[in-house]
């Protein structure tokens, strides 16, 4: 390899006068870019990849909404049980019977009170909360059960 020497007469640097051009590999000769077919294949693969990514985001958002609905229902059912737990054993809300509702809850609900056959001073309460998901006609439910016992204080 020859060194580049400055030309003293005009101040310009010149390379070697007969430097060979770098050789291009045979498979790259005559190719300056991508062909139309290659661009269409790359665009198709990119569209499929982005479509799958978009579907993943939609599924994550839907799962978030479903989890939010379920958690809201759990909190409502717990609030209903706490309301009944704050009642005295002889309160009218804890009278034996079925298909009762608590009007203080924001969701539809039904509960039933039954005497426990094994323990005569115990009432078994079953609370069911109902809800509908957005854009569906299906009705879902969550059921909680609890027992209340008459205590001597």
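Fewest Cβ neighbours within 10 Å first, please rank 41, 58 accordingly. Provide the component values of the computation, followed by the final result.
On the way: 41 12, 58 9.
By the 10 Å Cβ count, ascending, the order reads 58, 41.
For residue 104 and residue 78, compute 0.36 nm times the residue count separating them, minus their Cα-Cα distance, and round to one decimal in nm. Write down the numbers at each step before the final one.
Working: separation 26, 0.36 × 26 = 9.36 nm, distance 1.29 nm.
Computed gain between residue 104 and residue 78 is 8.1 nm.
Work out, step by step, the length gained on full extension between residue 35 and residue 137: first 0.36 nm times the residue separation, then minus their alpha carbon distance; give nm to one decimal.
Working: separation 102, 0.36 × 102 = 36.72 nm, distance 5.17 nm.
Roughly 31.6 nm would be gained on extension.
Give the order of 62, 26 when sorted by the count of other beta carbons within 10 angstrom, beginning with the fewest. If you can, show how the numbers build up before the last one.
Details: 62 11, 26 7.
Least to most surrounded, the residues fall as 26, 62.
Roughly what % antiparallel, to the nearest 5, for the DSSP beta bridges in the stretch 36-149? Could the numbers behind the result be given before it?
On the way: 21 of 21 bridges.
Among the beta bridges of the stretch 36-149, antiparallel pairing accounts for roughly 100 percent.
Going by how many other Cβ atoms sit within 10 Å of their own, how do 125, 74 line up, fewest first? Walk me through the numbers before you get to the answer.
Working: 125 20, 74 13.
In increasing order of surrounding Cβ atoms, one gets 74, 125.
Computed from the coordinates by the stated procedures, all read-outs in this text should not be read as laboratory data. Computed from a predicted structure; not experimentally measured. Heads up, the Cβs are rebuilt from the backbone with ideal geometry, glycines too, and the neighbour counts pull from every protein chain shown.
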